[in-house]
Amino acid sequence: MEKVIIALSAAVLIFGLVGCAGNGGADTAADDNAMDETVTFTGVISEISGTSAIVTPNEGEPIRSSGDKVSITIEEGAFSVGDVVKVEHYPEVMESYPLQIRMISIEKVE
């Protein structure tokens with residue numbers, strides 16, 4: 001009986017380790033390419049609270065298909081409500097409200 005319990009425990013341990021091994025890096029190249037791709041949108045800062053800001057993307061921006069407000073992090077004091085900005089970010093959009101993105105950069109548009 002002890003041998004059966006030990007064999008079952010070993011099998012569970014082996015299956016657990018194999019399951020945690022992932023895909024062996026098969027998608028690594030695709031993941032790296034996704035990290036190289038970026039997108040931008042232009043919009044107006046509508047709210048600021050410390051280092052958090054809400055940007056309302058301009059009409060016609062593709063991100064508007066997911067939502068009308070985007071939460072970003074800014075340097076405190078660097079921007080004001082009403083500033084027109086261009087935001088560069090990774091393509092993934094977290095569809096909460098407001099939307100969340102992984103921002104790369106932000107710059108004022110004159």
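Under a 5 Å amide H to amide H cut-off, with H placed in plane at 1.01 Å, what residues pair with Asn58 once short-range neighbours are removed? So Asn58 has HN proximity to Thr42, Gly43, Val44. Remark: spin-label model distance Glu95-Asn58 equals 2.6 nm, labels positioned 7 Å along the Cα→Cβ axis.
Between Val84 and Thr40, residue separation times 0.36 nm minus the direct Cα-Cα distance comes to 14.5 nm.
Other residues lying with their Cβ under 11 Å from the Cβ of Ser66 contribute a combined charge of -2, Lys and Arg counting +1, Asp and Glu -1.
We did not get these values from a lab; they are worked out from the coordinates using the rules stated. Just so it is clear, the model here is predicted, and its values are computed rather than measured. Here Cβ is always computed from backbone atoms with ideal geometry, including for glycine, and neighbour counts include all displayed protein chains.
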